[in-house]
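All of the numbers you see were taken from the coordinates with simple rules; none came from a lab. Keep in mind that this is a model prediction, so the values were computed, not measured. No Cβ is skipped: glycine too gets one built from the backbone with ideal geometry, and neighbour counts run over all protein chains shown.
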Amino acid sequence: MKENDFLHRNCPVCDSNKVAQRTISSQLKAQSLSFDDLVPYWNVFFKEKVFFSYARCENCGLLYAPDFFNDEQLVRLYGQMPPNMTGVPPDTLRRTQRGYFESLKSCSDLKGGFIEVGPDTGLFTENCVREGHYDEYWLFEPNKDVLPTLSSIVEGKKFHIIHDMFGFTHVPDQAASTAVMIHVLDHLLDPVATLRELRQKLTPDAKLLLVTHDESSLLRRVIGWRWPAFCLQHPQIYNPKSMRVLLEAAGFNVLEQRKTVNFFQLDFLLKHLLWAFGLKVQSIPSFGQLTLGLKLGNMLTIATPKREEK
C-alpha cells in the first residue's frame, strides 16, 4: 500500500456499507489531500480545520468517516504526538480526571488487575495507585516520550508499559478487574474487535470505564462542523445510543451512562470557542486563571462483560 493510500471502510460497528450522504465535512476535506499534506495538521489545533468527512450509518446510526488513515499511517502519527491536552494546566486536568475516577470508585473495589489504554501522562492512573489496591498494572501508551513520567507514577508497583497500539497479548486472560479507556474509542479503527479482545482479559464481574465525545451534545449541535471533536484523530464519534450498540456487539452490558464535567481555564475555553467559530485570535486575557467545570460534550459509560449462557 502506498503511503498516501487511505483506508476505505464499512461501518466499524455493524459492518454495513449503507451510509447517508456525507453531511459533516470541513471546508478543506482530508480525503482530498495526501498523507504528507495532512501531517502538519495532526498535532495542531490552532490551524485551518481539516478532517475526513463523516457519514451516518443507516443501519446502526454510528457517525463515522468512511475514508481514513490506514494502520501504518496511524502508527507514524501517534508515535510523534505530544502529550494529550498539552498547554492545559495540570491541576485543571487532574480535576477532570478525578471526576472520572470517582465514577469508577463508586462501582469498583479497586482491586485485582488494572488495564488502561492511552494513559498519557498518568493523571487518571495516579488516582488508582494512590487510593486503589491493584496488584498489577498494564498501561498501553504509544507515546514513548511520556515513559519517564508514567513509570514514576507506578513506581513500586508491578507494572507493564506497552507501546503497541493494537492487541492485548501481554495480558493473561481474565487477569484484570478494571479497564479504562479515556478518549480512546473515538480513535480506534476497529472498536468491536478491540473490545472483544479486551473482554477476554477481564474477570466476569470487571468494570470497563469509557470516556468519549458525544456527537449528540448541545455544543456539537450549536457549532456544527466546527465542533473540536471533528478532527483528524477521530475515525468515528459516538452518542449514547451508538455506544450501547457498540458495547452490545462486543459482549458487554452497559451499567451507566452520563455526561461528564470537564474543567477548563476560561481563557483556554474562550480561545477554543472563538477559533471554532472562525475568529482566529492569538491572545486572550487570563481572567485571573478562573477555572470552570462544565458539561461540554463528553460522556462517561460504565459497562461489564455479559454473563455467558450455560
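Quick look at the values:
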{"quantity": "Surrounding net charge for GLY112, when Lys and Arg each add one and Asp and Glu each subtract one, Cβ distance under 9 Å", "calculated": "-2"}
{"quantity": "Among the listed pairs LYS259/LYS306; LYS105/LYS306; LYS49/LYS201; LYS49/LYS105, those beyond 27 Å (Cα-Cα)", "calculated": "LYS49/LYS201; LYS49/LYS105"}
{"quantity": "Summed residue charge, Cβ within 14 Å of GLU256's Cβ, Lys/Arg positive, Asp/Glu negative", "calculated": "+4"}
{"quantity": "Qualifying GluC sites (Glu not before Pro) for segment 90-166 [loop in DSSP, other Cβ within 10 Å: at most 13]", "calculated": "GLU155"}
{"quantity": "Net charge over other residues, Cβ less than 13 angstrom from the Cβ of ASP205 (K, R count +1; D, E count -1)", "calculated": "+3"}
